[in-house]
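Report on the following structure.
The values are calculated or read from the model by the stated rules, or taken from the named source; none is laboratory data. Quantities reported herein were computed from a predicted structural model and do not represent experimental measurements. A quick note on method: Cβ atoms are made from the backbone with ideal geometry, for glycine too, and the neighbour counts reach across all protein chains shown.
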Amino acid sequence: MAAITLLSTKALSRNFGGLKAVEAVDFEVTQGEIHALIGPNGAGKTTFVSLLSGRTAPSSGTVTFLGEDITSDAAYERVRKGIAYTFQITSIYPKLSVFENVALAAQNTLQRTSAWLSWKNQALESAVVSALEKVGLADRADVKAVALAYGHQRLLEIAMGLALAPKLLILDEPTQGLSDSEIDGFCDLVKAVSKDTTILLIEHNMRVVMRLADRITVLNGGQVLATGAPDDIRANEDVQTAYLGGS
Ligand SMILES: Nc1ncnc2c1ncn2[C@@H]1O[C@H](COP(=O)(O)OP(=O)(O)OP(=O)(O)O)[C@@H](O)[C@H]1O
Ligand SMILES: [Mg+2]
């Protein structure tokens, strides 16, 4: 099967004052892959995916999604086109139920389409239930989000992303703060989700990266240090020096 480029960037940059947080990044995500984005703290990973999702405007460069230049699209337009993003910091609505959190995420998008669906609409309800089933939270649909354990709150966020039926799901450090057994469950979930959805995964846990990623891009000081298959990245001397500490 010929590889289709789902998302790409050309010379994408973002400065904060004199700081080049993201500098001239050329990057490609292929449809169907799990692409991991790694790099030391402050490498520019969150800034880079904020440029992809439209939360942050670039200083220069372009973002292309399915062949279309989306650089000047607002964040909600990108969501509508199929880019979903979960935050590095947990961002659920604590007082709402699990179901309502996912319904709100889905509805926020649907509301902006011509086919607006009401709260009780069956299509919305089944999208929510299906997203909750995928992450294993269907039996907690009526629980207030604040009452969930932390690991389950992170799963809820993923469900909020999945309810948008995205073409590209961007996960920013989803395993941060999870226990080892939760991380195992998370890896299984990402594998299952990746059957229908391309995934861009920012991740510090190298065990998770090596287990899940088809390809890895390494950012360092805002620039791409290397891109390749996990074995190539592991063997790359520049990467070892900059990031893996030679181990
Ligand atoms: N809104 C902002 N204003 C000023 N500087 C910023 C802003 N956002 C990020 N930075 C800076 O840009 C650089 C890249 O930060 P970013 O959060 O993208 O890194 P990261 O790779 O996601 O790091 P981490 O692994 O710690 O999450 C850092 O030096 C950071 O301090
Ligand atoms: Mg970050």
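How many residues does region 149-177 contain that are within 16 Å of ligand 2 (Cβ to nearest atom) and not in a strand (DSSP E or B)?
7
Please pick out the residue among Phe16, Phe48 that is within 13 Å of ligand 1 (Cβ to nearest atom), over 17 Å from the mean Cα position of the chain (by Cα) and among the hydrophobic types (A, V, I, L, M, F, W, C). I'd like the intermediate steps shown before the answer.
Values: Phe48 fails: over 17 Å from the mean Cα position of the chain (by Cα).
Exactly one residue qualifies, and that residue is Phe16.
Taking only region 124-181 into account, find how many residues are closer than 28 Å to Met206 by Cα and among the charged types (D, E, K, R).
Here the count works out to 8.
Mind counting the residues in region 16-30 that are under 12 Å from Ala57 (Cα atoms) and surrounded by fewer than 15 Cβ atoms within 10 Å (Cβ to Cβ)?
1
Inspect region 51-64 for any residue being touching a Lys or Arg at 6+ places or on another chain (Cβ under 6 Å), at pLDDT 95 or above and surrounded by fewer than 16 Cβ atoms within 10 Å (Cβ to Cβ) and give the result as yes or no.
Yes.
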